[in-house]
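This report refers to the structure that appears directly beneath it.
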């Protein structure tokens, strides 16, 4: 019951978040100086042509009517038409969002799969050389700019060694999989196209590593500090006194408890990854939302920018909802308190 | 002791499995085919940005024209002479044309056997439909054409244009991307929005797929009536980062790479198998001097700025020599260019003398620019330094590009900077746009220059059909505007592109930057 109540409450919150985000983005888009109609028409166009475009796009309407029209569309799942590409925003986002989400999820998988064991090892061997190495790696990860790291790995793995591709999602000669989930790794497997799967895997390795490296440091540090805290607790001493082995205590007692706060960090990291993929996508020519949004901002294409903000905030809230649900599964006390 | 514990044994086994799995994956990746050079018959072009829209009635962006220009034909095209693109024109869909003595009526006869990519014939009706569609859309491309122009079908293969007043650049505007002839049947069936994401023309190539943000694939139009292209496929790859484009060109994954970092071009050209081709372009960079108000309304102050500009220093230092100083408003390569026109050069003594005799002495000027072009800031700094030495303080304002345009549009600046490239091959694009007082503001006359004599000369030049007479009038007007320093005429920049050495036959056309003649280019 508590579970359902929380989901209901969160879904109501989601509605408010989407409304708030759409309003703030709309307000900011219209506060920025510049005229999207002029950008479309070109600098050389006469005022008559610019005015004609304003009318075509409804930009000559009062702002509250423009916003009302947008909300009306939003209620029916219509995110409007991009000023820049003249295509429906939803159609554009459908083309770009799965690529960003796939990259972010693989990056998160990489960050978690390496960050958790490294954090555990670092805590267990506190102040030992291995701890120093992990801590240095974590700080390096957090402080390395993604574009620099991206270029570095491209130069080494693509330019010098020729092991991995320098950009894109799949080899040019191969046909991209028919969009089922929009994730190439999954779609190619579902279609049984081994060559395309290997190609998609090769293409995602470097950008996912680059994007995930920052969060690898964050996760490792978080796990380390949570583990250190847990390892000081009385129940650990009791477990040890009961004769449980060192690693048994660490993996079966301390780690599950240390994971609870880490789930929040990992959940928030996905939000960061969705927003923060822009630079990585640019360096790796990854056809995600990054370049689309940057170009849209430069073109004052506010339906596209608002569409992006709404979709990402929607995803962010859903991820947080999942995190809270995981909390309840991991720690039944939370469910009881609720 | 510890090693024999079940948990540790389990962990050891897991690690072993992980190690094996990663070894298998690595082996698979390494042993897979090397990241090969592009296939024979396929030309891969690397560009910085995805096209925005492919509709020729809407796009004004050369970046989109890479795809649209070879997919459509127009009545007229630019001539290629001796392997080089020119600003002269010849028939493309048209086999010939006639115009009335007053230049108000133009009749074009279509070549026989021209077909769209669905096999249907290109008719005079399709020409009428395309022009009316473009004019009705009323977007950027329609700016080049008189809005009250009438298009009529005289016969199935003859189309007539009627203008209400003489407009001498008319013939040249027909080679513009906006004058592309679209297949009416496709537009009517699929809806007008269809052309934003697909092509429906009669050009040598047609778009077969577009993976948004990733790549576009063009293949020859099987019904194209002209010479069949030697390339079997053209892939346009979207690679946002310049360094990544460079690496892919050097590794052979790209055959052509646009927008390479200027400071790296010299080292790129030294790489084996890569050439960097440079072509004089008609894209110019110039300073707007606000003629309307403030210190710049004094002609002596404008002349002083023109003498206080370090042209050769900017060209050598900022552009690494890849540009040429302008000689007035009409750039070299455009007909009407005057090789004898007066050219300012850095002369601080003269500049000082002019400042002392002007109302701008001791003034503080603002210089507005944006980061849209990385060269603008160093040019602004150079101007600030030279004028500072003469006692004129220059305040640099680096603005968002949209804000800068708005400031220029309102005339709210003293000095500003911009680039300009012509939409059709006619000096009208420079002389009428830049100096006619009716075009004041962002659309053209950004210096707010106003001289009734010049107005008369450029308007007269735009109404005549005789090119010699027009050249005379434009050069006469140019003398005045150089003397009055309406703008600071800085430089025309070279267009540079990276090519693999086995790519031959690229004929750059200064009117068509970012457009590749893929119908005649070959890969050896």
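Listed values, structure above:
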quantity: Residue tally, condition without any contact (Cβ under 8 Å) to a residue 60 or more places away in the chain and away from every other protein chain (no Cβ under 13 Å), over the range A:78-96; calculated: 1
quantity: Count of the range B:257-304 residues which are free of Cβ contacts under 8 Å to residues at least 12 places away in the same chain and part of a strand (DSSP E or B); calculated: 0
quantity: Test result for residue A:200, away from chain B (no Cβ under 11 Å), over 22 Å from the mean Cα position of the chain (by Cα), buried (at least 18 other Cβ atoms within 10 Å of the Cβ) and closer than 21 Å to residue A:281 by Cα; calculated: no
quantity: Residue ID - nearest to the chain's Cα centre (by Cα), chosen from residues in the range B:171-189 that are closer than 19 Å to residue B:425 by Cβ and in a helix (DSSP H, G or I); calculated: B:177
quantity: Residues (surrounded by fewer than 22 Cβ atoms within 10 Å (Cβ to Cβ), in contact with a strand residue (DSSP E or B) (Cβ under 8 Å, 6 or more places away or on another chain) and assigned to a loop (DSSP other than H, G, I, E, B)) located in the range B:190-223; calculated: B:197, B:198, B:223
quantity: Odd one out for residue B:134, checked against (1) surrounded by fewer than 22 Cβ atoms within 10 Å (Cβ to Cβ); (2) under 26 Å from residue B:223 (Cα atoms); (3) within 14 Å of chain A (Cβ to nearest Cβ); calculated: (1)
quantity: Residue that is modelled with the highest pLDDT [pool: residues in the range B:28-42 that are in a loop (DSSP other than H, G, I, E, B) and more than 8 Å from chain A (Cβ to nearest Cβ)]; calculated: B:41
quantity: Some residue of the range A:156-179 being under 16 Å from residue B:244 (Cβ atoms), within 11 Å of chain B (Cβ to nearest Cβ), in a helix (DSSP H, G or I) and in contact (Cβ under 8 Å) with a residue 40 or more places away in the chain; calculated: yes
quantity: Some residue of the range A:131-141 being within 13 Å of chain B (Cβ to nearest Cβ) and either surrounded by fewer than 21 Cβ atoms within 10 Å (Cβ to Cβ) or not in a helix (DSSP H, G or I) (or both); calculated: no
quantity: Every pair of residues 6+ apart whose Cβ atoms lie under 9 Å, when the first sits in the range B:143-167 and is within 14 Å of chain A (Cβ to nearest Cβ) and under 22 Å from residue A:53 (Cβ atoms) while the second is surrounded by fewer than 15 Cβ atoms within 10 Å (Cβ to Cβ) and at pLDDT below 95; calculated: B:146/B:164; B:146/B:165; B:147/A:48; B:148/B:164; B:148/B:165
quantity: Matching residues, the range B:410-442, being in contact with a helix residue (DSSP H, G or I) (Cβ under 8 Å, 6 or more places away or on another chain), free of Cβ contacts under 8 Å to residues at least 60 places away in the same chain and within 19 Å of residue A:42 (Cα to Cα); calculated: B:432, B:433, B:436, B:438, B:439, B:441, B:442
quantity: Enumeration of residues in the range B:43-86 that are closer than 14 Å to residue B:510 by Cα and within 14 Å of chain A (Cβ to nearest Cβ); calculated: B:62, B:65
quantity: Residues of the range A:12-69 satisfying the condition of being more than 8 Å from every other protein chain (Cβ to nearest Cβ), assigned to a loop (DSSP other than H, G, I, E, B) and touching a helix residue (DSSP H, G or I) at 6+ places or on another chain (Cβ under 9 Å); calculated: A:58, A:59, A:60, A:61
quantity: Residues satisfying the stated conditions in the range B:72-125, i.e. under 29 Å from the mean Cα position of the chain (by Cα), in a loop (DSSP other than H, G, I, E, B) and without any contact (Cβ under 8 Å) to a residue 60 or more places away in the chain; calculated: B:82
quantity: The listed residue being buried (at least 20 other Cβ atoms within 10 Å of the Cβ) and either more than 30 Å from residue A:220 (Cβ to Cβ) or more than 11 Å from chain B (Cβ to nearest Cβ) (or both), out of A:75, A:99, A:107; calculated: A:107
quantity: Exclusive hit being within 14 Å of another protein chain (Cβ to nearest Cβ) and touching a helix residue (DSSP H, G or I) at 6+ places or on another chain (Cβ under 9 Å), set A:263, A:323, A:305; calculated: A:305
quantity: Complete set of residues in the range B:51-63 that are at pLDDT 90 or above and assigned to a loop (DSSP other than H, G, I, E, B); calculated: B:51, B:53, B:54, B:55, B:56, B:57, B:58, B:59
quantity: Test result for residue B:254, facing chain A (nearest Cβ under 10 Å), touching a strand residue (DSSP E or B) at 6+ places or on another chain (Cβ under 9 Å) and assigned to a loop (DSSP other than H, G, I, E, B); calculated: yes
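The values are calculated or read from the model by the stated rules, or taken from the named source; none is laboratory data. Note that the structure is predicted; figures quoted are calculated from it, not measured. Here the Cβ is made from the backbone with ideal geometry for all residues, glycine too, and neighbour counts use every protein chain on show.
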